[in-house]
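Just below is one structure, and these are the notes that go with it.
The values are calculated or read from the model by the stated rules, or taken from the named source; none is laboratory data. Computed from a prediction, not measured in an experiment: that's the story for all the values here. Virtual Cβ from ideal backbone geometry, glycine too; neighbours counted across all protein chains shown.
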Amino acid sequence: MEVFLDGLPLEPFALSAGQILLQDRYCLAIDKPAGVETQPTPARYRGTLYDALLRYLQDPARPQQRPALGMVQRLDRDTSGVMIFSIHPRAHRPLTALFSGRDVGKLYLALVAGQPEPAAGEIRSQLARNRASNLVRSVARGGKEAITRYRVVESFPGACLVEIELLTGRSHQIRAHFAERGHPLLGDVRYGGPDRICGEPIPRQMLHSWRLSLPHPVSKDALDIEAPIPADMEHLMKVLRQNPS
């Protein structure tokens, strides 16, 4: 008997055709929905994105042969958007090298509280996880370099839509940097973000991995992979646009 205490659905997550953004012999790019763990945890294996990918890639004619799956990036459970994986041994090492060498363009969209000043800029700090709170914070020394560029795309009463370019890929980097600037992500209650705005409940942290740009790890062709803005973020922006004051 299996018992899950994490509040996630009992029915395991499965990939649908509409979530496949790109697939060839070497790579698979998907549009990850919010609410799905990327990697197995001590509490759960079934229902994670990793589990769903293995089931999607499994060859029915070879049920004993484990699919070749390389995971080079991670998104938080409540972050949506594009992710790319290697699905062939020839692609594992070069795709890992692209991400570790900062050869991947990573653009995110986020709804944040308030109006950042200036409207475009760069945030640099050393980030480390606080053992007591388990939150990521900027530290004077002993952390890892984190660089976040941003620009405000659209302003609303009490919030704005921000386009974010990650030059590094630290855990919780966007969430920590904007919270420390006094502009936490809408719905990111762990980092001080509001759980309601304009009377509307915010179901999750409003963070979306929007676009990845990189050379193909085998063919070297340019890849520009985009995940559409999810329905919950579109809905919240519609609410904000309808509340001008």
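Conditions (1) modelled with pLDDT of 95 or more; (2) of a type in the set (Phe, Trp, Tyr), marked per residue:
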position	(1), (2)
Phe13	no, yes
Ser16	no, no
Ala29	yes, no
Ala43	no, no
Thr48	no, no
Arg74	no, no
Phe85	yes, yes
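Looking only at residues of the range 203-245 that are within 17 Å of the chain's Cα centre (by Cα) and farther than 25 Å from Leu28 by Cα, we find that the one that is modelled with the lowest pLDDT is Pro203. Kindly establish whether Ser155 is of a type in the set (Gly, Ala, Ser) and under 17 Å from Gln115 (Cα atoms). So Ser155 fits the description; yes.
Here is a yes/no grid of residues against (1) modelled with pLDDT of 95 or more; (2) over 25 Å from Asp195 (Cα atoms):
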residue	(1), (2)
Leu95	yes, yes
Ser100	no, yes
Leu107	yes, no
Asn134	no, no
Gly143	no, yes
Thr168	no, yes
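Taken together, the residues in the range 115-132 that are of a type in the set (A, V, I, L, M), in contact with a strand residue (DSSP E or B) (Cβ under 9 Å, 6 or more places away or on another chain) and outside any strand (DSSP E or B) amount to 1. Residues that are in contact with a Pro (Cβ under 9 Å, 6 or more places away or on another chain), in contact (Cβ under 8 Å) with a residue 40 or more places away in the chain and of a type in the set (Gly, Ala, Ser) occur at least once in the range 167-183.
Residue-by-condition table, conditions (1) crowded, with 17+ Cβ neighbours inside 10 Å; (2) of a type outside the set (A, V, I, L, M); (3) outside any strand (DSSP E or B):
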site: Arg62; (1), (2), (3): no, yes, yes
site: Asp78; (1), (2), (3): yes, yes, yes
site: Arg93; (1), (2), (3): no, yes, yes
site: Arg102; (1), (2), (3): no, yes, yes
site: Tyr108; (1), (2), (3): yes, yes, no
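One residue stands out among those in the range 136-164 that are more than 23 Å from Arg102 (Cβ to Cβ), among the hydrophobic types (A, V, I, L, M, F, W, C) and surrounded by fewer than 16 Cβ atoms within 10 Å (Cβ to Cβ): the one that is farthest from the chain's Cα centre (by Cα), which is Ala140. Remark: Val112 falls outside the filter, which requires a residue to be within 19 Å of Arg211 (Cβ to Cβ), part of a strand (DSSP E or B) and out of contact with any His (no Cβ under 6 Å at 6 or more places or on another chain).
Show me the strands (runs of 3 or more DSSP E) found entirely inside the range 133-236 where at least 1 residues are among the aromatic types (Phe, Trp, Tyr) and over 18 Å from Lys32 (Cβ atoms). It comes to 144-156.
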